[in-house]
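As structure tokens, the structure follows; a few thoughts come after it.
Only the coordinates and a few stated rules stand behind these numbers; no lab work does. All figures in this text were calculated on a predicted structure; none of them were measured in a lab. Because the Cβ atoms are built from the backbone with ideal geometry, glycine has one as well, and the counts that use them run over all protein chains shown.
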Amino acid sequence: MSKIYAYFRVSAKKAKKSQDFERQKYLIEHSGLDIERVFEEHISGGVRGDERKAFREMLSVLRPGDTVVFTESSRFGCNYIDCLDIVDTITLEYGVNINFLSNGTTLQGGKKLNPYEWMALSQFFLADEFQKRLISYDTKNKLKALKEQGVQLGRRRTITEEQIANIKALYVSGVSQNQISKKMGISRTVVAREVALC
């Protein structure tokens, strides 16, 4: 008897109980489908599906005629070429159906994508990859602009300007980082960070 499985994915940076996770859970629970098992993980969509632990685990239980449900194409992945490749793996090699709830697309296991399905799916996956690239692009530009404005990025310094000056003076005079750390009572990591900025 064929079974229906669901797959949740949220970014590695998001907590399990994030709004995105809860939204996926809600959509699956209210889909009216009899879900056998849910596979979930917290990893970037840029990582190829068959390189993710839970995704691989899901693949290992699939049998011809089964169905895998995703709330939307972006949960499948965010790399256009990899996503199309994995779709072929699931539908053609495993003979398993794929259902994307958000756009109402169902791909039949054992059947090659027809030109219309390929075009529609390509647009979804391209949009997902574009969104991921756009976020990265915007973030880099914002950080660059902040740096040019003199904003200190990264973790706040845990030591005073005077201590920083003393670390640099000792280092320049030939004192090792370990000795500076012991002498000043400052962690080796902090000393190494300030020395690297000399």
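If residue 106 satisfies every condition in (1) closer than 21 Å to residue 55 by Cβ; (2) in contact with a helix residue (DSSP H, G or I) (Cβ under 9 Å, 6 or more places away or on another chain) but one, which is the exception?
Of the numbered conditions (1) closer than 21 Å to residue 55 by Cβ; (2) in contact with a helix residue (DSSP H, G or I) (Cβ under 9 Å, 6 or more places away or on another chain), the odd one out for residue 106 is (2).
Considering only residues that are outside any helix (DSSP H, G or I) and either hydroxyl-bearing (Ser, Thr, Tyr) or touching a helix residue (DSSP H, G or I) at 6+ places or on another chain (Cβ under 9 Å) (or both), look in the range 53-70 and name the one that is surrounded by the most Cβ atoms within 10 Å (Cβ to Cβ). Step through it out loud before you land on a result.
Taking the range 53-70 first, the residues outside any helix (DSSP H, G or I) are 62-70.
Imposing the further condition that a residue be either hydroxyl-bearing (Ser, Thr, Tyr) or touching a helix residue (DSSP H, G or I) at 6+ places or on another chain (Cβ under 9 Å) (or both) reduces the set to 62, 67-70.
Numbers: 62: 18, 67: 21, 68: 25, 69: 22, 70: 22.
So, considering only residues that are outside any helix (DSSP H, G or I) and either hydroxyl-bearing (Ser, Thr, Tyr) or touching a helix residue (DSSP H, G or I) at 6+ places or on another chain (Cβ under 9 Å) (or both), the one surrounded by the most Cβ atoms within 10 Å (Cβ to Cβ) is 68.
All but one of (1) outside any loop (DSSP other than H, G, I, E, B); (2) farther than 30 Å from residue 48 by Cα hold for residue 159; which doesn't?
(1)
Test residue 113 against the criterion of being in contact with a strand residue (DSSP E or B) (Cβ under 6 Å, 6 or more places away or on another chain) and farther than 22 Å from residue 10 by Cβ, and give yes or no.
Judged against the criteria, residue 113 is not a match.
Just the residues that are among the charged types (D, E, K, R) and part of a helix (DSSP H, G or I), please, taken from the range 71-102.
Hits for the range 71-102 are 75, 82, 85, 88, 93.
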